[in-house]
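Notes follow once the structure below has been shown.
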């Protein structure tokens, strides 16, 4: 049995504590102490590494002396490029400093086309070094566990156009906060990879000036403001969230592989957009590996597609569970005030978001328990229930639990949490296109559970018909539940 890591990041915990305090006093105030701004821009001192890594025949090439940083996504490893950067936030930002903002500026040097691309920042879990790092190795003699870099959680995106000479900005506040807190281990350096998470096209190559650029003003820089006490957070307003209603959706998307055998993330995004949820829990989402996703992050791809189909910005948190090549993703059209993830035994985990609705903070979770063994599921459900106590009420827990009602593992979470389908069925507000609450063949193994507290009222639950052009996009049916936040 693997070690359990179920503690939210210190960044997230600070947010939870802040939420509790601010709800209690009914107002939000900024800290009164002074703030400091530091710009990390000097190569070799502030910026310890900035380079391109490239796959295929260039996988062993050292690009650390090049004057440009390049990103490209391709079906061929020979053309795929990513950017790695390492900033010295260990020596130039105090440990555990409250990060008010951290913005990375990159100046576009060249673009192959006019198309706009999504660049996503990922934490890099292994320390890499100038002159020793490439697509295969993070330092001399030491290979990445996955070629192309060991990538952890994502920490923000930016859209890159074609305006050469433009300094594009990427918000890295959460990543820098986690780094200076020591959440990634003893090193407090900020290590990141910049990855094009869009689809494969003929002209998606983007090139930025590196620290070797002749003109100093065109070089990368990370501008960090810290101090000033507790980070200022605005009281959530109903105009910026979802009013008094929260509509959630749970779906195991089977790596986007439909019942016609075809992998198609566009069909998944089409169904999500049609159901108009505020928050979506997705299971079996691939992360740069496995069936249906060999060279990109499927969660980031789905986020991009849903944004295109809905015309609004979405936010993403995920947990990558390791060996089986896929994990769980939460997508929210409500901007979360914090998010986190944790790992369970037997390569499973849970993603979390805190979303503001009607002046309250709702905790939403996505998990997927083991299909291999009821004993494994029992361990995992106990770990999940214990983890939920770290978060304020109300709570909504979604996922593919791989269990039937009335099993031993089911009875661990019920009656602590309400089975939304059964509650809605009892109230006469449940509906299903198939006439049952089953979500996979003749089984009901996907669930929405919720706290039975006065601030959260279940309105309805349905299992919608997810077919796109007559084809089911997954081997599971989704569940949509509607709650009123009181």
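Every number here is computed from the coordinates shown, using simple stated rules; none is lab data. These numbers come from a predicted model, not from an experiment. Neighbour counts are summed over all protein chains in view; Cβ atoms, including those assigned to glycine, are modelled from backbone coordinates with ideal geometry.
Report the relative contact order of the range 35-227, percent, no decimals, based on alpha-carbon pairs under 8 angstrom and at least 6 residues apart.
Contact order relative to length: 37 percent.
Where does the chain land at 222 nm, in deg cm²/dmol rounded to the nearest 500, when only DSSP H runs of n ≥ 4 count, each adding -39500 (n - 2.57), divided by all residues?
Result for the chain, helices only: -5000 deg cm²/dmol.
In whole Å, how far is the Cα centre of the range 413-439 from that of the range 333-402?
When both Cα centres are located, 19 Å separates them.
Could you point to the label whose value was computed as percent of Cα pairs over 41 Å apart for the structure here, given (1) 48; (2) 36; (3) 18?
(3)
Relative contact order for the chain: what percent, with Cα pairs under 8 Å and sequence separation of 6 or more?
16
At what distance in nm do the modelled label points of residue 112 and residue 61 sit from each other, each positioned 7 Å from its Cα along Cα→Cβ?
Each label point lies 7 Å from its Cα, and together they span 1.3 nm.
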